[in-house]
1. Right, A:V74: out of contact with any helix residue (DSSP H, G or I) (no Cβ under 7 Å at 6 or more places or on another chain) and aliphatic (A, V, I, L, M) or not?
2. Grab the strands (runs of 3 or more DSSP E) fully contained in segment A:102-187, keeping just those with 3 or more residues being closer than 30 Å to B:R211 by Cα.
3. Consider A:V194 against the criteria (1) away from chain B (no Cβ under 11 Å); (2) at pLDDT below 90: it satisfies all of them except one. Which criterion is unmet?
4. Among the residues of segment B:134-189, write down those that are surrounded by fewer than 20 Cβ atoms within 10 Å (Cβ to Cβ), basic (K, R) and more than 14 Å from every other protein chain (Cβ to nearest Cβ).
5. If you take just the strands (runs of 3 or more DSSP E) that sit entirely in segment A:1-90, which of them hold at least 2 residues that are modelled with pLDDT of 95 or more and under 21 Å from A:E183 (Cα atoms)?
6. Among the residues of segment B:61-70, what is the count of those that are crowded, with 18+ Cβ neighbours inside 10 Å and farther than 16 Å from B:R200 by Cα?
7. Going through segment B:42-53 one residue at a time, which ones are over 17 Å from B:L202 (Cα atoms) and in contact with a strand residue (DSSP E or B) (Cβ under 8 Å, 6 or more places away or on another chain)?
8. Note down all Cβ pairs under 8 Å where the first residue falls in segment B:1-27 and is within 21 Å of A:E192 (Cβ to Cβ) and surrounded by 23 or more Cβ atoms within 10 Å (Cβ to Cβ), the second is of a type in the set (D, E, K, R) and at pLDDT 95 or above, and they're at least six residues apart or on different chains.
Protein chains: 2
Amino acid sequence: MSRVRVHSFSVSLDGYGAGPDQSVQDPLGRGAEQLHEWVFATARWTEEYGGDGSGRGVDDEVLREADVGVGATVMGRNMFGPLRGEWPPDDTWRGWWGEDPPYHHPVFVLTHHPRPPLVMDGGTTFHFVTDGLEAALARAVEAADGQDVRLGGGVSTVQAALRANLVDELNLAVVPLLLGSGERLFDDGVPEPVGYRCTRLLASTGVVHVRMERAAASTDGGTIPPPG
Amino acid sequence: MSRVRVHSFSVSLDGYGAGPDQSVQDPLGRGAEQLHEWVFATARWTEEYGGDGSGRGVDDEVLREADVGVGATVMGRNMFGPLRGEWPPDDTWRGWWGEDPPYHHPVFVLTHHPRPPLVMDGGTTFHFVTDGLEAALARAVEAADGQDVRLGGGVSTVQAALRANLVDELNLAVVPLLLGSGERLFDDGVPEPVGYRCTRLLASTGVVHVRMERAAASTDGGTIPPPG
């Protein structure tokens with residue numbers, strides 16, 4: 001059965017997954033690029049996007065896990081691009097990743113505005129889903145054909161999925177810096193996801209990788225409470 | 001010069017240092033005992049308080065650091081005891097720790113209610129300070145006589161010290177569980193401490209120890225911005 005997995009989702013020590021004042025020029029918000037420096041330092045990133053990172057330690061290994069056994073991806077619109085509102089008619093915005101995006105499988109983009117599928121090189125097709133997160137995940141599970149579904153960001157997309165109890169595995173990268181403000185993953189005043197336990201804890205020299213998994217309902221009708 | 005250090009301050013993955021619904025019966029708040037299980041599992045804790053913990057790994061080592069080079073302690077009243085309001089006239093509440101508390105040096109307790117010093121066995125004297133955190137830290141620095149000052153909890157005491165830029169070294173233990181509500185160390189809507197950087201990151205099997213240190217003002221009049 002397909003599982004929904006979040007990978008390498010970076011949060012600051014004070015809990016922020018994106019900085020304040022997000023804009024087209026600064027899509028992650030002020031200061032938040034520091035959350036992702038560990039990614040740029042890996043050999044995996046350099047293989048895919050260039051740069052001079054050559055790290056092959058824990059961070060690199062963890063980053064590579066995100067692609068293993070994944071047959072489809074769901075992401076929020078802000079992760080697909082900085083545009084808001086109606087899509088421009090000319091299809092000029094084709095994602096951040098160039099003509100051969102690193103997915104190589106169907107990607108379902110959450111949006112309020114319909115748009116025909118966008119077929120890219122290398123096996124990636126972007127599908128634009130206007131009927132919500134649950135519908136997008138259902139389509140992704142079908143497209144993944146027995147493999148898992150990766151859920152990308154941003155913060156609000158992961159939050160929504162956690163609160164709807166739709167995430168099976170949450171892999172956070174806790175970055176030890178104080179961002180001070182921005183978008184919290186675990187925000188105040190809203191119900192917290194329940195039923196998760198830590199199944200792996202790994203520190204590199206600069207980042208802590210925390211894997212939280214939802215406890216499965218026990219098969220004997222039994223003692224592990226079902227999530228939710 | 002004395003430095004002000006916070007040690008082994010446990011916070012959940014979602015940022016809480018204490019649970020909701022704190023009371024005399026449940027001084028850490030609901031669910032928060034889980035934040036401290038790693039402490040009870042150490043040989044250090046067992047030596048001081050009994051129990052059956054025998055761990056001698058990373059958690060034990062980190063816990064022991066809290067006593068090294070410390071000549072005085074400051075703590076909030078709630079860490080000294082569950083009582084609120086005026087002190088009872090009979091001096092019956094003498095702290096959580098029995099007649100020989102594990103401090104063996106002067107301890108300054110923040111309170112709004114005056115009380116004479118309480119001399120315990122083993123070199124610990126509790127002094128009750130009614131003129132605020134800065135005054136308590138100043139007295140502790142003097143009493144520490146060149147050694148460092150340890151700043152104990154609770155959450156609000158550490159928060160106040162961070163925001164007044166009075167903490168030189170903040171050692172957090174991030175516990176990978178979701179507490180869901182309670183008292184956050186890094187709370188929304190208040191200025192965040194600035195000028196801290198991570199100087200050590202260590203994971204045990206169950207806890208991540210993060211050391212944040214305030215950048216010292218550079219001696220060449222220079223490039224490292226002073227905190228605050």
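The values are calculated or read from the model by the stated rules, or taken from the named source; none is laboratory data. Model, not experiment: these values are computed from the prediction. Using ideal geometry, Cβ is built from the backbone for each residue, glycine included, and neighbour counts are taken over all protein chains shown.
1. Numbers: out of contact with any helix residue (DSSP H, G or I) (no Cβ under 7 Å at 6 or more places or on another chain): no; aliphatic (A, V, I, L, M): yes.
Considered against the rule, which asks whether it is out of contact with any helix residue (DSSP H, G or I) (no Cβ under 7 Å at 6 or more places or on another chain) and aliphatic (A, V, I, L, M), A:V74 comes out as no.
2. On the way: elements: A:106-110, A:125-129, A:148-151, A:169-175.
Passing ranges, in order: A:169-175.
3. (1)
4. Residue satisfying the conditions is B:R139 alone.
5. Numbers: elements: A:4-12, A:16-18, A:70-75.
Where strands (runs of 3 or more DSSP E) fall fully within segment A:1-90 and carry at least 2 residues being modelled with pLDDT of 95 or more and under 21 Å from A:E183 (Cα atoms), they are A:4-12, A:70-75.
6. 1
7. If we filter segment B:42-53 for residues that are over 17 Å from B:L202 (Cα atoms), which is where we start, we get B:43-53.
Within segment B:42-53, B:A43, B:G53 qualify.
8. From residues that are within 21 Å of A:E192 (Cβ to Cβ) and surrounded by 23 or more Cβ atoms within 10 Å (Cβ to Cβ), there are no pairs.
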